[in-house]
Amino acid sequence: VQLQASGGGLVQPGGSLRLSCAASGSIFKRNVMSWYRQAPGKQRELVAAITPSGFTNYADSVKGRFTISRDNAKNTIYLQMNSLQPEDTAVYYCNARHVVTDFRAWGQGTQVTVSS
């Protein structure tokens, strides 16, 4: 499994960004797809996840602001981020976790910087 994340950048507080993560094949039926982030000096944390059945869950800090979704035809997941705040600044990673084997694959990360 190969994952290619994109869409990061510099945005002002209150702004929006949409991250994309393209998978190398049709993996969504057997993998939980997630977005993680890691800020400087902090541990990597789960931001949002979507299961094969479409169930989603979010970190409390992003509920109501971020939305995870997927396009099965394009083998791509998205993270729509609204009302961005400086504390959202981090490198964002997409992750695939196989529901049977627990094998995990990571994308290369994309930098999100929220600053005025």
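Using 0.36 nm per residue, how much length does the chain from Ala59 to Lys42 gain when fully extended, once their Cα-Cα distance is taken away? It would help to have the intermediate numbers written out before the result.
Values: separation 17, 0.36 × 17 = 6.12 nm, distance 1.55 nm.
That pair, Ala59 and Lys42, stretches by 4.6 nm at full extension.
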At 37 °C and 0.692 mPa s, what whole-number value in µm²/s does Stokes-Einstein give for the translational diffusion of region 43-116, with Rh from the Kirkwood sum over Cα pairs?
-> 242 µm²/s
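Roughly how many percent of the accessible protein surface of the chain is carbon and sulfur, given a 1.4 Å probe and a whole-percent answer? Write out the running numbers ahead of the final one.
On the way: 2910 of 6170 Å².
Here it works out to 47 percent.
Tally Lys/Arg at +1 and Asp/Glu at -1 over every other residue whose Cβ is under 12 Å from the Cβ of Ser26; what's the total?
Local net charge: +3.
Determine the order of Asp71, Asp60, Asp102, Asp88 by accessible area, beginning with the largest, at a probe radius of 1.4 Å. List each step's numbers first, then the result.
Details: Asp71 45, Asp60 125, Asp102 75, Asp88 0 Å².
Highest to lowest solvent-accessible surface, that is Asp60, Asp102, Asp71, Asp88.
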Give the percent of DSSP beta bridges with both residues in the chain that are antiparallel, rounded to the nearest 5.
-> 95 percent
Given springs between every Cα pair under 10 Å in a Gaussian network model of the chain, which of Phe103, Phe66, Phe28 has the largest fluctuation?
-> Phe103
Across Thr51, Thr101, Thr76, the residue with the highest GNM fluctuation in the chain (Cα network, 10 Å cutoff) is Thr101
Which value, to two decimals, describes the C-alpha radius of gyration of region 1-71 once divided by 2.2 N^0.38 Å?
-> 1.17
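Over region 7-107, what relative contact order in percent results from Cα pairs under 8 Å that are six or more residues apart? Could you put the intermediate results ahead of the total?
Numbers: 193 pairs, mean separation 35.1, N = 101.
Once normalised by length, the contact order is 35 percent.
The values are calculated or read from the model by the stated rules, or taken from the named source; none is laboratory data. All of these numbers come straight from a predicted model, not from anything done at the bench. Don't worry about glycine lacking a Cβ; one is built from the backbone with ideal geometry, like all the others, and counts go over all protein chains shown. When the accessible area is computed, the model is the full protein with side chains, heavy atoms only, and any ligands, DNA or RNA have been set aside. Shrake-Rupley method; radii C 1.70, N 1.55, O 1.52, S 1.80 Å.
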